[in-house]
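Inspection log for the structure reproduced underneath, given as structure tokens.
Bear in mind these aren't lab numbers, they're just calculated from the coordinates by the rules spelled out. The model shown is predicted, which means the values in this text are computed figures rather than measured ones. Counting neighbours? That spans all protein chains shown, and the Cβs are built from the backbone with ideal geometry, glycine included.
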Amino acid sequence: MSSPLDPAVAQRLKRTPDGLVCAVAQQRGTGEVLMVAWMDDEALHRTLTTRQATYYSRSRQQLWVKGETSGHTQYVHEVRLDCDGDTLLLTVDQVGAACHTGDRTCFDATVLLAGAD
């Protein structure tokens with residue numbers, strides 16, 4: 001079964017061997033990086049048509065709509081494809097925590113290098 005993703009978009013995607021593209025979710029207005037997830041063609045199509053962030057879970061091997069069970073939704077304002085075609089940037093309005101741990105972002109917990117003063 002083929003995806004209803006626009007063929008012009010699908011042609012530009014550079015997928016991993018398992019058919020996925022990296023997706024970075026960024027908070028609209030602040031630029032805060034919220035999370036990184038994966039999309040297959042169907043997840044991207046659903047995101048583009050519904051404006052609800054839809055990803056592909058590698059561990060569960062299925063699509064998931066962000067916030068469907070937690071209520072921590074992402075309304076998608078913009079989706080951009082990087083110059084290489086291997087990463088998507090989603091500009092979203094995040095409701096609640098973006099991280100499955102309950103943190104605002106997936107990048108709150110561990111700082112490896114802080115800015116020099």
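Structure values in brief
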{"quantity": "Global form of the chain, assessed from the alpha-carbon gyration tensor, a/c cut-off 1.5", "calculated": "prolate"}
{"quantity": "Lys, Arg +1 and Asp, Glu -1 on Cβ, resulting dipole of the chain about Cα centre, debye, nearest 20", "calculated": "240 debye"}
{"quantity": "Sum of -39500 (n - 2.57) over DSSP H runs of 4+, divided by residues of the chain (222 nm, nearest 500)", "calculated": "-3500 deg cm²/dmol"}
{"quantity": "Helix 41-50 vs. the chain, principal-axis angle (Cα, 0 to 90°, nearest 10)", "calculated": "70 degrees"}
